[in-house]
Amino acid sequence: AGMICRHMTGIMSVWTRRLNGTPLSTVASNSGLFHIGKEVEDALCSKKPIVALESTIITHGMPYPQNMKTALEVESIIRQNGCTPATVAVIAGKVHVGLTEQELEYLAASDTEVTKISRRDFPYILSKKTSGGTTVSGTMLIAHKVGIPIFVTGGVGGVHRDGENTLDVSADLRELGRTPVAVVSAGVKSILDIGKTLEYLETEGVCVAVYGKSLDFPAFFTAKSGFKAPYNVETPKEAAAMIGENQCMGLRSGILIGVPIPGEKEQAGADIEKAIKTALDEVKEQNIQGKAITPYILEMVNQLTSGSSLQAIVMIWKTRWPQGDMSKLSLDFDSK
Ligand code: PSU
Ligand code: MN
């Protein structure tokens, strides 16, 4: 009973935030800063489970039209599992939570001018009333503001290789350290220094767990990065319990759950790894810097593997819901 009570308090505070807190009611409807899509608004009001989705993968992670197709498919998988997808993006200076097909198309179309938006970009983008796709950090902070505790994506940013010299550490990691949203992903992108990324997450106080039987932390294209996560959870219920305790404790930091690539896709993964090494050399040689690095590498790897990395990304993106499991996580959590 104590357990149930504690969970109830956690959930209550989520709903208090949704109903009375500044985030949804005032910010969303009054200031004009937010635009909550109809489907998402209904789900928020009727307390149905919602899964947040990022949009940098649409604007910068994949070419047109695969980006559009994948975005729609991912949303539909979430709906098939009884949840509501809430894709986050900025359009004409308004933060959108839940996009129409037309809005998705606008962001996905290759001739649209869009910025990659993480936390640091909001003030400028909103003041200029321009548009862009939100990264993991940008999406997390918006999801939290409107009261969505779960967010699913492909790859999270991390500490870049050679990061100890360049200080190129993704804002995603600091966001995980200060925003209580659970991010379900294929782990950390293989182009990064995964060991250092896990160290950094520990410093930020982020609870990291692998979904499945092993502690091997996944590396996007491969199930095993060579590094271990501190924990693993085997069922959506276990994952939900962890997320619940995080909220009850008021930890204010996030959770990262890594879901490994399925075994039969691992050979493709190994080929992509090789291409990544080549691309990294090129980044150094061409002196590509800052936030241009990730899109540059993804594009080059895609070319080197004649599109098979793109297929793998699409597949990884879709298999974040093995048998629909991970989106049920959201159901479990909200109905506890
Ligand atoms: N993984 C992909 N494609 C992407 C990203 C990750 O396969 O486009 C995006 C995510 O939005 C992530 C961001 O949050 O890259 C991290 O970028 P950076 O390393 O600049 O922080
Ligand atoms: Mn960076």
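The values are calculated or read from the model by the stated rules, or taken from the named source; none is laboratory data. Just so we're clear, the structure is a prediction, and the values are computed from it rather than from any experiment. In this analysis, Cβ positions are derived from the backbone assuming ideal geometry, glycine residues included, and neighbour counts consider all displayed protein chains.
Cβ-Cβ contacts under 8 Å between residues 6 or more apart (or on different chains), taken from a first residue in the stretch 159-181 that is among the hydroxyl-bearing types (S, T, Y) to a second residue that is more than 13 Å from ligand 1 (Cβ to nearest atom) and assigned to a helix (DSSP H, G or I), are listed as T179/H144. Consider the stretch 266-312 and keep the residues that are away from ligand 1 (no atom under 15 Å from the Cβ) and under 16 Å from K189 (Cα atoms). The one that is surrounded by the most Cβ atoms within 10 Å (Cβ to Cβ) is D271. Condition test on E113, is it more than 16 Å from ligand 2 (Cβ to nearest atom), within 22 Å of V314 (Cβ to Cβ) and surrounded by fewer than 20 Cβ atoms within 10 Å (Cβ to Cβ)? It is false that E113 is more than 16 Å from ligand 2 (Cβ to nearest atom), within 22 Å of V314 (Cβ to Cβ) and surrounded by fewer than 20 Cβ atoms within 10 Å (Cβ to Cβ).
State which residue is nearest to G157 (Cα to Cα) when the search covers only the stretch 226-285 and only residues that are polar (S, T, N, Q), at pLDDT below 95 and part of a helix (DSSP H, G or I). Result: T278.
Kindly provide the set of residues from the stretch 36-61 that are among the small types (G, A, S) and assigned to a helix (DSSP H, G or I), ordered by number. Please lay out each step first, then the result.
Taking the stretch 36-61 and keeping what is among the small types (G, A, S), we get 37, 43, 46, 52, 55, 61.
Of everything in the stretch 36-61, those that are among the small types (G, A, S) and assigned to a helix (DSSP H, G or I) turn out to be A43, G61.
Among the residues of the stretch 178-195, those identified as within 16 Å of ligand 2 (Cβ to nearest atom) and within 13 Å of V136 (Cβ to Cβ) are V188, K189, L192. The strands (runs of 3 or more DSSP E) found entirely in the stretch 118-221 that carry 1 or more residues being within 13 Å of ligand 1 (Cβ to nearest atom) and either of a type in the set (F, W, Y) or surrounded by 24 or more Cβ atoms within 10 Å (Cβ to Cβ) (or both) are 132-134, 150-152, 182-185.
Within the stretch 144-151, is even one residue more than 17 Å from the chain's Cα centre (by Cα) and aromatic (F, W, Y)? Scanning the stretch 144-151, I find no residue that is more than 17 Å from the chain's Cα centre (by Cα) and aromatic (F, W, Y), so the answer is no. Within this structure, A89 fails the test of being surrounded by 19 or more Cβ atoms within 10 Å (Cβ to Cβ), of a type outside the set (V, I, T) and out of contact with any strand residue (DSSP E or B) (no Cβ under 7 Å at 6 or more places or on another chain).
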